[in-house]
Amino acid sequence: MVGSVEGYLLEKIESEGAIHLTLIDPERVTCPQASRIARKAKSSGTSAIMIGGSTFVSTTHLDNVIKAVKRTVRIPVILFPNNVTGISRHADAIWFMSLLNSVDPYFLMGAQILGAPLVKKYGLEPIPLGYVIIGDGGTAGVVGKAVPVPYDKPKLAVAHALAGQYLGMRFIYLEAGSGAKKPVLPQMIRIVKNSIDVPLIVGGGIKSRRQALTAASAGADIIVTGNIVENIKARRKVSEIIKGIRSRKA
Ligand code: 1GP
């Protein structure tokens, strides 16, 4: 049941303690830019590339960005879809996700029902993921019609994460929103990590080595960064983030 990309992530977490994934938003990059970001991120030590955004992208451009990334690096490409239109046959796997604190059934199960046949048809590896919006959640929170978990209510985050795990989701993602002013707080990461038995992903607003170290030390198994890779200093930035993750005290 566990596919090769999921197995790869689990092994990496097991051997490295905490890992980094790079998110590329196809709306914000050209194909050459996506290739460059992926190459630099890979050489800095990122473990996989996630592709997705919160709003709109043409499926042709999405396909082309993924093809460009796959031509450049040999690490897995995992879709991070905000809707059915975020599915591409060219990726290796897809975070098959439900936005657990959405009030809209479409984001809880509707989009998944529409997308599942495509995942099957394209032979994508689905990785079940419970997605929880923290703080204002940025664009993802608005688009997904989430009732966000406040930063200072860690027990509410635990309730969401446990519900996801008990429904069979094999990863839980605490999302502060791309470009969030404040990342998920370590107190929340720690209590969620101590309450669940599946790997914990944390992202949104992580911009520095110190913030990455804080999240990894609090128990994040996977740290996702997006915004910081979209500029020319990408390599140095990603490399700093990864150094932060690797210097954590478990
Ligand atoms: C957003 O958690 C990711 O979905 C990454 O956020 O763009 O702020 O790094 P940033």
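The values are calculated or read from the model by the stated rules, or taken from the named source; none is laboratory data. Bear in mind that the values here come from a model prediction, so they are computed numbers and not experimental data. Backbone-built Cβ (ideal geometry, glycine too); neighbour counts: all protein chains shown.
When N64, N83 are screened for being more than 22 Å from G7 (Cα to Cα) and within 16 Å of the ligand (Cβ to nearest atom), only N83 passes. Can you tell me which residue within region 44-55, out of those that are in contact with a helix residue (DSSP H, G or I) (Cβ under 7 Å, 6 or more places away or on another chain) and not small (G, A, S), is surrounded by the fewest Cβ atoms within 10 Å (Cβ to Cβ)? Only one residue tops the list, namely T55.
Every residue, every condition in (1) surrounded by fewer than 23 Cβ atoms within 10 Å (Cβ to Cβ); (2) under 15 Å from S54 (Cβ atoms); (3) touching a Cys at 6+ places or on another chain (Cβ under 9 Å), yes or no:
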| site | (1), (2), (3) |
| --- | --- |
| W95 | yes, yes, no |
| D104 | yes, yes, no |
| Q112 | yes, no, no |
| V119 | yes, no, no |
| L124 | no, no, no |
| P128 | yes, no, no |
| D136 | yes, yes, no |
| V142 | yes, yes, no |
| A146 | no, yes, no |
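The residues in region 23-65 that are closer than 18 Å to L9 by Cα and part of a loop (DSSP other than H, G, I, E, B) can be counted, and the count is 3. What do you reckon, is I196 surrounded by 18 or more Cβ atoms within 10 Å (Cβ to Cβ) and touching a Leu at 6+ places or on another chain (Cβ under 9 Å)? Here the answer is yes, as I196 does meet what is asked. In this structure, does E27 turn out to be at pLDDT below 95 and not aromatic (F, W, Y)? Yes, satisfied. Note on region 3-30: residues that are hydroxyl-bearing (S, T, Y) and surrounded by 15 or more Cβ atoms within 10 Å (Cβ to Cβ) amount to 2. Looking across Y106, Y131, one residue alone is assigned to a helix (DSSP H, G or I) and aromatic (F, W, Y). It is Y106.
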